[in-house]
Amino acid sequence: MDDDLRSLREWRAEIPEPGQEWVIPQRRRMLTRIRGRGRTLGRRLLLVGALGAAAALAVTTLRPEPPAPNPANTPPLVQLDAGVVLAHAAEVAGRRKSAQVPLPTQWHYTKTLDKQPNSDAAITREVWMRYDGKQSAHLGSARLGQKEGELVIRDVRLDPGDDDLSSQQYDVKLRALPTDPRKLLAKVTADRHWIEGAHEEGVPKSAEPDDARAYRVIMLYLSRYGSMPPRLEAAMYRALALIPGVRIEQGVSDAAGRSGLGIWREGAADGPSRRYDILETGTYRYLGSRMLWLSDESWDGRVVVPKGAVWSRALLSSVIVDRPGRRS
């Protein structure tokens, strides 16, 4: 018990104090739950006043059990009340300053860090995409017969069979979404662009469930937050809270080792693995993603990825710049 309390105190010490505008309503919420459940709470302890900008997060116990297997030497994850966390994320996102809509000739710069399963090696990528999708740029690599570190700019030829969108096209779709959470869900669920195979004549509609598609599309938009309107970002967090099976865990790390809030969806058909999308604690900015193998993945009778393996990515930078080669 002493070790458990010590762990809780150490975890608590890393979280800043919440404001009274957040603590008071959550304290009322806690008391309402206690009165309603009575003795059924048993040994469960609802921590509200002790939780900070990550949210007045809802639930842990004195002996928290990890919700999923973890690789060796990693701290246990703590499952949180997704509804409470997402409600606070919506409040924070709604207070952000609005960003200007980028010009077609500006560039979207991203820097990512990738770590493959069972490897300490990390791969850093820097990419510039012109906002209208007509050109791309990257740093040259000697392995590809290019001058190391030299900026390489290429024209992008549009492929009629490619249903990917340019940054500008993503932005147009994004700004056409309603800010009412239920209407937003209906919109992304029915959008034929996101229905796999819908762009191919004669190909039947994908069997992907509506909830799964809505979750996938919203997380995709949040990962490309460069010019997200604040009210729309807030609506996306509220819409996520309406999707069945959405779970949030504290302490999920990206490829850069940054610990944050890992969002995943229970019931998703990911096979032996679970994918987390990671948000920064307190700001709810997108940090990256993490794939955890919950069981061995085999191919042709051979284990290719063992249980406990992790693939992770960190989004280190995502900004709009005036020309390729610039990072701010």
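The values are calculated or read from the model by the stated rules, or taken from the named source; none is laboratory data. Bear in mind the structure is a predicted one, so any value in this text is a computation, not a measurement. Reconstructed Cβ throughout: ideal geometry from the backbone, glycine too, with neighbour counts over all protein chains shown. Side chains included, ligands, DNA and RNA excluded: accessible areas come from the protein's heavy atoms. Shrake-Rupley method; radii C 1.70, N 1.55, O 1.52, S 1.80 Å.
Laid out as a table, the results:
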item: Carbon + sulfur, % of accessible area of the range 212-328 - ligands and nucleic acids excluded, 1.4 Å; result: 46
item: Those GluC sites (Glu not before Pro) in the range 121-160 that DSSP places in a loop and that have at most 13 other beta carbons within 10 Å; result: Glu148, Glu150
item: Accessible carbon and sulfur surface of the range 134-195 relative to its total accessible area, %, 1.4 Å; result: 49
item: Sequence ranges 251-257, 228-234, 180-186, ranked by mean other-Cβ count within 10 angstrom, highest first; result: 251-257, 228-234, 180-186
item: Heavy-atom SASA rank of Asp322, Asp300, Asp155 (probe 1.4 Å, accessible area, largest first); result: Asp300, Asp155, Asp322
